[in-house]
Amino acid sequence: MFKQPLLLLGAFAVASNFPVSFGVVSTDVTDAFDHRFKGGWSESPPLKGQTAFERKHGILPGGVGFVYDHPGVNNHTVDSLVKELGASAATTDVQGAVCQQLQGLFVRPCESQYQYEGMNVTSYDTRYYSTSSTYELDRTYYIGGGAKCQPSTNDLFFKMNLHGTVAYHGYNSAIGSAGAPWQQGACKAQMLWENSTIYLGNNALGSQLASLFQANCPCGITWSAGNWYNVSTSKCAPLTMPQSSPAYVWCHLIANGTDYFNYQWDRNLTHYITSYDYFDPDFAWTQHLIPSYIREKIPSTGNNDPCACEGLCSGNSGIALWERCGQGVYDAESACRGCIGLECDGCLFREIDPQWNPLKDNNNWQDCCPCIYLYANKAGNNWAQPMC
């Protein structure tokens, strides 16, 4: 039986002077996207205990869940809600495999997908897993711009934002170890989503997708290029096309609402790898882990005080920090202009250190994070307030 994997799913220069002026970047589409998908949460007052990153993405304090899953939550009820959701996190150790839940913000390198009329199609995804087994996933596809995933220089071809829950099905005795540095064995997981936000690029590829969706993905939507769509899986009719159909993967991503994969953490719980994911659990859970299919966790250290970059914090030399990080911050902000939602966090992480390689665990993200926040504050770029 034919099976399709869900593949859809240089050193810094030294800045000689401290920054004195900043460009202000804003995009109407960011506001429309946030308000449409997040259910208007961004119009509500900040919740006590929220970080800037959590506020920006509608995450409850401490990463225990998402604000838009709990309409009406406010500063009078947030403490009890956070306590209730926090109690649901669990770690299971079965037969030597640590099947710990996926929690936190994860990024991947830019991937080159294929060629279209001489242009490279690239993609990457950024995802946030809460401690209560809910998640948000952003996957963005670009055309043009060489082999990089840069919103400012690439044309947006397709964007998908999924929100839902993750179900964990324990140790997978059928899959062997991927070797060092990974934990022994593999763990089974299932991603479910109830709604998605889709954007089709205003270009030839976007038009091709619109025609494909219109003919094959029965969700009561009139598809066209250059538009955003909020899709509820409950409004999509059952899919009947064969797995060999070009529309099979696309329509299942939009309308099916669930897929399956194996995963495993490394021994430091800073990275995880997966198998390819499929819509059929019996087939998906026979797939071996792929060490190059890796995501890196971005730790939340609280090292985001701009004064650490300005030299105003007690006992630090901020100007030296800016001289070390400044050019990378400039370059990252420039490359990521036009990003939307979690796409921004993944883009900033990659662009601040072009030499980053998750297989080598060599990023210096935490060191430069105060300068990213300084730049964001000066420029008024709230999209440049990432996890630090």
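The values are calculated or read from the model by the stated rules, or taken from the named source; none is laboratory data. The structure presented is a predicted model; accordingly, all values stated were derived computationally and were not measured. FYI the Cβ positions are ideal-geometry reconstructions off the backbone, even for glycines, and counts take in every protein chain you see. These accessible areas exclude ligands, DNA and RNA; they are computed on the full protein's heavy atoms, side chains included. Shrake-Rupley method; radii C 1.70, N 1.55, O 1.52, S 1.80 Å.
Annotations for the structure displayed:
- Site pair D282 and Q327 shows an inter-label distance of 5.8 nm when each label is modelled 7 Å from Cα along Cα→Cβ.
- Here's how it looks for G311: its modeled amide H is under 5 Å from those of G318, I319, which are all 5 or more places away or on a different chain.
- Sulfur and carbon atoms: percent of accessible area, region 67-219 [1.4 Å]: 50 percent
- On region 264-316, 50 percent of the accessible area sits on carbon and sulfur atoms, based on a 1.4 Å probe.
- Normalised per residue, the accessible area of region 126-243 is 37 Å², obtained with a 1.4 Å probe and no contribution from ligands, DNA or RNA.
- Average accessible surface area per residue within region 259-335, 1.4 Å rolling probe, Å²: 41 Å²
- C-alpha center-to-center spacing [region 171-204, region 282-312] in angstrom: 15 Å
- Here the Karplus relation 6.51 cos²θ - 1.76 cosθ + 1.60, evaluated at θ = phi - 60°, turns the backbone of region 152-168 into coupling constants of 6, 10, 9, 8, 6, 9, 7, 9, 9, 10, 10, 9, x, 10, 10, 9, 9 Hz, with x for every Gly and Pro.
- Taken about its Cα centre, region 330-371 carries a charge dipole of roughly 80 debye when the Cβ of each Lys and Arg holds +1 and the Cβ of each Asp and Glu holds -1.
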